[in-house]
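Inspection log for the structure reproduced underneath, given as structure tokens.
The values are calculated or read from the model by the stated rules, or taken from the named source; none is laboratory data. Since the model is a prediction, treat every value here as computed from it, not as a measurement. Cβ coordinates were reconstructed from backbone atoms using ideal geometry, including for glycine residues, and neighbour counts include every protein chain displayed. Note: areas computed on protein heavy atoms with side chains; ligands, DNA, RNA excluded. Shrake-Rupley method; radii C 1.70, N 1.55, O 1.52, S 1.80 Å.
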Amino acid sequence: MNQRPESRKFQKEKDGKSIDLFQLKNKNNTEVFLTNYGARIVSFLFKDKNDNLVDVNLGHASIDEYLEPKGNFYGCVIGRVCNRIGGAEFTLNGKDYQLNPNIPNNLLHGGENGFHTKVFDVESTGDNFVRMSYYSKDGEEGFPGNVKVKVAYTLNEEDALEILFEAESDEESPFNITNHAFFNLNGEGSGDMLGHQLQIFAEKYLPVTENVVPNGILEPVENTPFDFRNVKTIGQDINAENHQVILGSGFDHTYVLKETFDSELLHAAKATGDLTGIVLDVYTDQPGVHLYTGNFMDETHTLKSGKTDGRREAFCLETQHFPDAVHHDHFPSIILKPGEKFTSTTVFKLSNK
């Protein structure tokens, strides 16, 4: 399960910029490996209840696999707008913007050439941190304004990976950023994660339309398969005869942590690996956390472990503003305005049960 990536396999040039691999480490010998291609997490190594080092983050062994046309969102930063924009269009200040849909009817995760395909500039590094930035030019993927984005990863001595996002724009523009880490707390390559226990600290979730974009309703989770307020396994209700579960082919929905955006850091979720006892706690100041249960993983990618990524071998807890917010005025706004500075924090903290 412990497959440390090798730096030499991540050294490459793309778009005139150098790609590399960066290692963060703390005194507990917890390790995080990152690449500046998509500012992504490649590995997250932590000791389980038996003192074995386990990689809980799915990824690839070389940069070439991330660069393949069939490349995926493993561990990357998603932008300018994560999740879906219905119809791949929006209106801002009376002007209509038509984007290029990269899935049927929608724009997904910033578009075909979103942040996940960009080489970030490395600003500074240390034993336990790396800071990167990216300049998204006006018109990129159809979005207005020049946006400067900064991402800082810090691994602290409490085995928490802190992610700080910052952004500024010279024009009003939609902006909704997240990290798309795929977790299996039993270790990459260990099989499906349906036996993981999960708790999400949310009273409501966002049901979706046939196009899998929110319908605008903030629905109580009570008496639905989406109720994770009390601990249950991810697999318990994943195949429930429920219209929303069927639409998502499992869980692929956003949970409402709060209905406004402020700087208060909330405990969003807790997951526990059933074989390793490794616990993941997620904290964020974002209003939502999106649960994705690997419903469309289909063994098309080879992982660091040498195994392929079978269906539901990982789950994601993507901290973010609500999807399709450009079409729902009662959702917290995702419009980044000139003179404003967007800042947001997400924490992935590991521990042993």
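Residues that are open to solvent by 30 Å² or more (accessible area, probe 1.4 Å) and among the hydrophobic types (A, V, I, L, M, F, W, C) were ranked within the range 225-246; the one that is nearest to Met297 (Cα to Cα) is Ile246. Within the range 105-124, how many residues are over 20 Å from the mean Cα position of the chain (by Cα), farther than 19 Å from Glu168 by Cα and without any contact (Cβ under 8 Å) to a residue 60 or more places away in the chain? Here the count works out to 1. Scanning the range 258-303 for residues that are open to solvent by less than 20 Å² (accessible area, probe 1.4 Å) and charged (D, E, K, R) returns Asp281, Asp285.
Here is the figure for the range 47-73: residues that are open to solvent by 10 Å² or more (accessible area, probe 1.4 Å) and either of a type in the set (Val, Ile, Thr) or more than 17 Å from the chain's Cα centre (by Cα) (or both) total 15. The set of residues from the range 221-243 being of a type in the set (A, V, I, L, M) and under 21 Å from Asp192 (Cα atoms) comprises Val231, Ile234, Ile238, Ala240.
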